[in-house]
1. Please count how many residues of segment 64-83 are of a type outside the set (Lys, Arg), over 8 Å from the mean Cα position of the chain (by Cα) and outside any strand (DSSP E or B).
2. Looking at segment 8-25, which of its residues are farther than 20 Å from Leu56 by Cα, out of contact with any strand residue (DSSP E or B) (no Cβ under 9 Å at 6 or more places or on another chain) and surrounded by fewer than 17 Cβ atoms within 10 Å (Cβ to Cβ)?
3. Let me confirm something: among Ala47, Ala71, Ala57, which residue is out of contact with any Pro (no Cβ under 9 Å at 6 or more places or on another chain), surrounded by 17 or more Cβ atoms within 10 Å (Cβ to Cβ) and more than 14 Å from Ala11 (Cβ to Cβ)?
4. Surrounded by 17 or more Cβ atoms within 10 Å (Cβ to Cβ) and free of Cβ contacts under 8 Å to residues at least 60 places away in the same chain, is that true of Val33?
5. When you go through Val61, Val96 one by one, which is the residue that is at pLDDT below 95 and in a helix (DSSP H, G or I)?
6. Tell me which residues, restricted to segment 9-44, are at pLDDT below 95, among the aliphatic types (A, V, I, L, M) and either closer than 29 Å to Gly100 by Cα or touching a Leu at 6+ places or on another chain (Cβ under 8 Å) (or both).
7. Quick one: what pairs do we get from segment 4-17, first residue farther than 12 Å from Ala67 by Cα, second of a type in the set (A, V, I, L, M), C-beta under 8 Å, 6+ apart or different chains?
8. Anything in segment 84-97 that is within 20 Å of Glu7 (Cβ to Cβ) and over 9 Å from the mean Cα position of the chain (by Cα)? List them, or say none.
Amino acid sequence: MDASTLEAFKALSNPVRLQVPAWLRDPRANFPVEPGIANPDEVGVRASQIQEKTGLAQSTVSAYMAALERADLVTSTRVGKWTHYRRNEERIEAFVNLLGRSL
């Protein structure tokens, strides 16, 4: 297994970090859509919305999202003063395929 795969396993070893990409699979179903804010399907979900859903401190959510981003499971986009996150579907698919072949 390569280092990027191990990074993905580490990122997903925490229950909340495992749950966030699942929520981001369908952002409209899992987060409120606010008029005038960037399209969650195209840009992603604001970090503050993830924080609100998890009930965790902002610093904890930032660290969790950084771990998911280092593992390339999510990508971030800055829109104004907000950071939005969305799934990296290509990386997730490759990770799932590798996992299926490895086990």
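1. 6
2. Selection gives Phe9 alone.
3. When all the criteria are applied, what remains is Ala47.
4. Criteria not met by Val33.
5. From the options Val61, Val96, the qualifying one is Val96.
6. Ala29
7. Listed by first residue and then by second, the contacts come to Thr5/Leu98.
8. Across segment 84-97, the qualifying residues are Glu89, Glu90, Arg91, Ile92, Glu93, Ala94, Phe95, Val96, Asn97.
The values are calculated or read from the model by the stated rules, or taken from the named source; none is laboratory data. Nothing here was measured: the structure is a model prediction, and the numbers come from that model. Using ideal geometry, Cβ is built from the backbone for each residue, glycine included, and neighbour counts are taken over all protein chains shown.
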